[in-house]
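For reference, the structure is listed below as structure tokens.
The values are calculated or read from the model by the stated rules, or taken from the named source; none is laboratory data. The shown structure was predicted, so the numbers you read here are calculated from the model rather than taken from an experiment. Positions of Cβ are generated from backbone atoms using ideal geometry, with glycine treated the same way; all protein chains shown enter the neighbour counts.
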């Protein structure tokens, strides 16, 4: 192409993408430092209508536990939990009261992954970042865990008087009085070769987290550079028009002319010198959403040496949920690599070859139905797992389930389940929620954490006007950003 054509491409693609790039970069910095922003939150009343809670959707209800008299209050009760905290109700689900006393202020601290009651009626809740124990006098109190740096929690379960907390990489267990927890690293499964997820590798490269805090800070600097390139590019487009109007009005434009030259100089020099790094961050981000994501999600590659993925722990960031199966006499472990069976937590996990489909986004429901079968729910759907006969059926149709891995987002995107309400089956879906009982109107605008809001901006889901087009927004936005960088480099590179 002629250089004039390259200039037009850079001008218009750059102008169109500039605002989006600024939003990508600001939200990316927030995403890179979650706990720093965990106290910050935004009312859902300020966001598009689809972000308001409706019929218990959007993860408001993940699960429930039944409380015996004297644990939560004098009479029996049901505790409902999800990503907005815990609420106290009754077995008919007719009244709802806030049950978050003692939790930190930010809603991000109250994203509850699971709850458990021990045989001695000790009540525990596992949020993403901390384990809490309930005290009727002072409310929820944090319980120390020997967590690895920034390890998140994903589940909680009991067997007898043992309380087991599932981290993303380790298990943490204790017996009564549950004051000292021990870390357990599960053994590597047979055939483990040390390879890691290609998708996660690209994810951590994009955030910089692969190289620890240094990598994160480097990506923050690159985000700041992209913001500077976007702002200076907009300035270079607007200032000539402003200068022309100033001259037509007979006023001096020296300051504006100086600013124009400075913005072009910075835009040119910084853009050329950082092109490799800015191109890298754009490519990796572009790859993390459909359709490119589909090519990465099931790939395995060797771990990059001396990085976060280069771990001796075969289960590094892979653990999701854990339950004991009384009928089969084993532990059932859900991981990002599928289901595993363990006769004891000290045994070598054995891959379950025939298991229900699970979305790449992970399992949300794993519990028994009234017949003793396992219910497994994820964004791929809900399935009934008859382990005794090795048969898996679709919860809604009763048909035999496919043995293929589940789609990232199926017809029924399951986020929660409860059997604790008399005469009511409570099955919640991400968008549709559940009609098991009317949701209090006051819950509709419960806050969203700043981190989650940044995630919605960063993935393009915030642009709800696009409808289903938000699924491929990043593909086109990423392509536009890459073309802006390429065309900018072509028109400004020095001749040899």
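Of note:
- Residue selected from the range 53-69 under the condition in contact with a strand residue (DSSP E or B) (Cβ under 7 Å, 6 or more places away or on another chain) and more than 18 Å from residue 440 (Cβ to Cβ), by the criterion surrounded by the fewest Cβ atoms within 10 Å (Cβ to Cβ): 66
- For the range 389-406, the criterion of being more than 19 Å from the chain's Cα centre (by Cα), free of Cβ contacts under 8 Å to residues at least 12 places away in the same chain and surrounded by 13 or more Cβ atoms within 10 Å (Cβ to Cβ) is met by at least one residue.
- Residue match in the range 198-208 (condition: surrounded by 19 or more Cβ atoms within 10 Å (Cβ to Cβ), in a loop (DSSP other than H, G, I, E, B) and in contact with a helix residue (DSSP H, G or I) (Cβ under 6 Å, 6 or more places away or on another chain)): yes
- When the range 367-388 is filtered for residues that are surrounded by fewer than 20 Cβ atoms within 10 Å (Cβ to Cβ) and either in a strand (DSSP E or B) or at pLDDT 95 or above (or both), the ones remaining, listed by number, are 367, 368, 375, 384, 386.
- Here the condition is being part of a helix (DSSP H, G or I) and surrounded by fewer than 21 Cβ atoms within 10 Å (Cβ to Cβ); of 95, 50, it holds for 50 alone.
- Of all residues in the range 338-355, those satisfying the criterion of being surrounded by fewer than 20 Cβ atoms within 10 Å (Cβ to Cβ) and in contact (Cβ under 8 Å) with a residue 40 or more places away in the chain are 342, 345, 346, 347, 348, 350, 351, 354.
- Scanning the range 1-46 for residues that are in a helix (DSSP H, G or I) and touching a strand residue (DSSP E or B) at 6+ places or on another chain (Cβ under 7 Å) gives a single hit, 44.
- Pairing each residue of the range 426-442 that is at positive phi and in contact (Cβ under 8 Å) with a residue 24 or more places away in the chain with any residue that is part of a strand (DSSP E or B) and surrounded by 13 or more Cβ atoms within 10 Å (Cβ to Cβ), provided the two are 6+ apart or on different chains, yields C-beta distances under 9 Å for 433/415.
- Qualifying residue in the range 32-39 (condition: touching a residue at least 40 places away in the same chain (Cβ under 8 Å) and under 16 Å from residue 222 (Cβ atoms)): yes
- Residue match in the range 300-310 (condition: part of a strand (DSSP E or B) and surrounded by 20 or more Cβ atoms within 10 Å (Cβ to Cβ)): no
- For residue 358, the test of being surrounded by 15 or more Cβ atoms within 10 Å (Cβ to Cβ) and at pLDDT below 95 is passed.
- Of all residues in the range 436-456 being in contact with a helix residue (DSSP H, G or I) (Cβ under 6 Å, 6 or more places away or on another chain) and in a loop (DSSP other than H, G, I, E, B), the one that is farthest from residue 49 (Cα to Cα): 447
- Criterion violated by residue 72 - all others in (1) on the phi < 0 side of the Ramachandran plot; (2) in contact with a helix residue (DSSP H, G or I) (Cβ under 8 Å, 6 or more places away or on another chain); (3) buried (at least 18 other Cβ atoms within 10 Å of the Cβ); (4) in a loop (DSSP other than H, G, I, E, B) satisfied: (2)
Residue by residue, here is whether (1) farther than 29 Å from residue 75 by Cα; (2) buried (at least 21 other Cβ atoms within 10 Å of the Cβ) holds:
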position	(1), (2)
133	no, no
138	no, no
141	no, no
150	yes, no
154	yes, yes
166	yes, yes
175	no, no
184	yes, no
189	yes, no
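- Any hit, the range 429-442, residues being modelled with pLDDT under 90 and under 28 Å from residue 289 (Cβ atoms): no
- Filtering the range 356-381 to residues that are touching a residue at least 12 places away in the same chain (Cβ under 8 Å) and more than 20 Å from the chain's Cα centre (by Cα) leaves 356, 367, 369, 370, 372, 373, 374, 375.
- Failed item, numbered, when residue 364 is tested on (1) crowded, with 22+ Cβ neighbours inside 10 Å; (2) in contact with a strand residue (DSSP E or B) (Cβ under 6 Å, 6 or more places away or on another chain); (3) over 27 Å from residue 161 (Cα atoms): (3)
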